[in-house]
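For reference, the structure discussed in these notes is given below.
Here, each number is a calculation from the coordinates, and none is a lab measurement. Just so it is clear, the model here is predicted, and its values are computed rather than measured. Here Cβ is always computed from backbone atoms with ideal geometry, including for glycine, and neighbour counts include all displayed protein chains.
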Amino acid sequence: MKNLTFLLLGALVIAACQSPQEEEKVIEKVIEKKITNMDKALRHVVLFKFKDEASEEDVKKVEEAFMALPSKIKEIQSIEWGTNNSPEGLDQGFTHCFFLTFASEEDRAVYLPHPDHKAFGAVLGPHLDKVLVVDYWAKN
């Protein structure tokens, strides 16, 4: 019995000394200037449908240009985006969703005609088929 105890203890020590398997590293990038109280958040949702002839490189340039806006327009409180992966088939060709948060309608009013927003429109325009915009005040 004593030998069995030492054998089990030895096996545990050997197992503990082995190097752990490499863990998959997940890198997340969240662009958020500050946490906004949900009941005081003005959401600005923008959906893009690109022209059939828009290349992957063209779309990538649009994505990068949109994601650069928060560093240029201080009124943008937060931004997130993604591409459609709904299995429902109701997207009507819209592939990209950008979700911006503003603290007030005044901040949104600064953003809309802002020169950097207009410059983004120049990058987007040649590749855009349709755009859909919905703004709302978040409710809990």
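Some notes on this structure:
- Under the combined filter of DSSP loop state and at most 13 neighbouring Cβ atoms within 10 Å, the range 85-140 retains these GluC sites (Glu not before Pro): GLU88.
- Normalised by residue number, the volume inside the convex hull of the Cα atoms of the range 41-140 is 104 Å³ per residue.
- Dipole of the range 73-131 [Lys/Arg +1, Asp/Glu -1 at C-beta], most positive-end residue of GLY89, TYR111, VAL123: VAL123
- Rg and Dmax [Cα atoms of the range 86-140; Å; Rg one decimal, Dmax integer]: 14.0, 38
- DSSP-loop GluC sites (Glu not before Pro) across the range 38-83, with at most 13 other Cβ within 10 angstrom: GLU53
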